[in-house]
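The values are calculated or read from the model by the stated rules, or taken from the named source; none is laboratory data. This is a predicted model, so every value here is computed, not measured. All Cβ positions, glycine included, derive from the backbone under ideal geometry; neighbour counts span all protein chains shown.
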Amino acid sequence: MSTMLLISHEVRDYDAWKPRFDADRPALDAAGFTLAFVGQDSVNPNIVHAGFHVPSASAAHAFLEDPGVMEAMAAAGVISEVDARIVETA
């Protein structure tokens, strides 16, 4: 089994958000998160979907509960609630 973190949220402007996301990748890598995909919604291109392989559900929870993470997301242009799902895959 492995664990994935799936995140969806709306951003003000995808083209402005994406470089900020890419700049934060080293911190995600250091936490043991491996990007599986990032993409735009087919109807609203400012809705972003991302999936990460994560070391554990507890690591995903810790990431989501870190106030610095939410501050960084807001600074990058996230304008909606973050829909996050932790999934155990077979």
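Looking across region 65-90, the residues that are in contact with a Leu (Cβ under 8 Å, 6 or more places away or on another chain) and surrounded by fewer than 16 Cβ atoms within 10 Å (Cβ to Cβ) come down to V82, A84, R85, V87. Can you give me the number of residues within region 1-20 that are of a type in the set (F, W, Y) and at pLDDT below 95? Here the count works out to 0. Quick check on region 1-20: of everything there that is assigned to a helix (DSSP H, G or I) and not acidic (D, E), which residue is nearest to A72 (Cα to Cα)? My answer is R20. Restricting region 23-64 to residues that are among the acidic types (D, E) and either in contact with a helix residue (DSSP H, G or I) (Cβ under 8 Å, 6 or more places away or on another chain) or at pLDDT below 95 (or both), the residue that is surrounded by the most Cβ atoms within 10 Å (Cβ to Cβ) is D24.
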